[in-house]
Every structure is written in structure tokens, then in C-alpha cells.
1. Scan (1) touching an Asp or Glu at 6+ places or on another chain (Cβ under 7 Å); (2) buried (at least 16 other Cβ atoms within 10 Å of the Cβ) for the single condition Leu59 breaks and write down its number.
2. Does at least one position in segment 31-50 carry a residue that is part of a loop (DSSP other than H, G, I, E, B), exposed (fewer than 14 other Cβ atoms within 10 Å of the Cβ) and of a type in the set (Val, Ile, Thr)?
3. Can you name the residue in segment 62-76 that is among the aliphatic types (A, V, I, L, M) and over 23 Å from Lys26 (Cα atoms) and, of all such residues, is surrounded by the fewest Cβ atoms within 10 Å (Cβ to Cβ)?
4. Does segment 51-76 hold any residues that are of a type in the set (A, V, I, L, M), assigned to a loop (DSSP other than H, G, I, E, B) and at pLDDT below 90, and which are they?
5. State whether the residues of segment 77-91 include one that is on the phi < 0 side of the Ramachandran plot, loosely packed, with under 13 Cβ neighbours inside 10 Å, modelled with pLDDT under 90 and in a loop (DSSP other than H, G, I, E, B).
6. Is it the case that segment 13-28 has a residue that's touching a Ser or Thr at 6+ places or on another chain (Cβ under 9 Å) and touching a residue at least 40 places away in the same chain (Cβ under 8 Å)?
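The values are calculated or read from the model by the stated rules, or taken from the named source; none is laboratory data. Keep in mind that this is a model prediction, so the values were computed, not measured. As a convention, Cβ positions derive from the backbone with ideal geometry for all residues, glycine included, and neighbour counts pool all protein chains shown.
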Amino acid sequence: MTAKINGYPTEEELRNRITRHLSWRKTDTVALLWHGYLTALLEWGLLEVHVLDRLLPLLPVVGSKEIDELCLDKPLSPEREAEIDEYLTRKPGRLA
């Protein structure tokens, strides 16, 4: 996403806003706000998955299980929860 279409935020704009916000307050709350915001943009087709994949590493990993439940609109199965736990333990230097 390099050009602004219909007022949608570009990847660069989102990256700049996330980085700026984290420079003011690097908290779990800020990370959760941005995770939710990006998830909403993705759900409504205003953000592409590959852009989300490039923006998420900017944020501390918090709320991963809750985001999964939000996107799937159902609670996690024990198997899915174990998959997420395993994935998070393999992320060096990231908060679970």
C-alpha cells in the first residue's frame, strides 16, 4: 500500500503512527489498542495481510489469544491455545 485510496491509511502512515505512539508510551495498553485497530482494518478489507505481517513486529506481543478469538468469533480450542503458546515461546525477545 503506497498510495492513499479513498482515505485508507497507508502502510507508511500506520508505521509512523505506531512508532510515534510507542515512543510516547510503550505499554501493553498501547499495543492492545494497535492490535485491535489493525485487526479491524484487516477484517473490513482495508489492510492486506502482508502489510499486517510487516506492522505487527513493531508491537509487543500481548493479547494474541484474544485476537484469535475475536477474529474467529469463538473461544480457542485447547489445541489452538497450545499452538499459540508454542508459537509465542519461539519468538525471541518478545513478550508472551
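1. (1)
2. no
3. Of everything passing the filter in segment 62-76, Leu72 is surrounded by the fewest Cβ atoms within 10 Å (Cβ to Cβ).
4. Val61, Val62
5. The answer is yes; a qualifying residue exists.
6. no
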